[in-house]
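Since the structure comes first, as structure tokens, the remarks are kept for the end.
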Amino acid sequence: MAIENPVQFFKNLPKKKCPECGQTIQEQAESYFMECEHCLSKKAE
Ligand SMILES: [Zn+2]
């Protein structure tokens, strides 16, 4: 079971979407947040 194409493997991973604005969330260190950075900053106020 060898991974033929690592890029294709990562493409198959489901992308998270922000429930607030529907924007695709970039995988980052704080990946446990549901919302994107934009909506998180709005909530922080
Ligand atoms: Zn958002």
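Bear in mind these aren't lab numbers, they're just calculated from the coordinates by the rules spelled out. This one's a predicted model, so the numbers in the text were calculated from it and none came from an experiment. No Cβ is skipped: glycine too gets one built from the backbone with ideal geometry, and neighbour counts run over all protein chains shown.
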TODO: Using a 10 Å cut-off on Cβ atoms, rank the peptides 20-26, 35-41 from the highest mean neighbour count down.
DONE: 35-41, 20-26
Open item on the list: List the residues, sorted by chain then number, that are 5 or more residues from LYS17 or on another chain and whose placed amide H is less than 5 Å from its amide H.
Closed with: ILE25
Task: Förster-model FRET efficiency, 30 Å R0, SER41 and GLU4, C-beta, rounded to 0.05 - done: 0.15
Task: Net charge over other residues, Cβ less than 12 angstrom from the Cβ of CYS18 (K, R count +1; D, E count -1) - done: +2
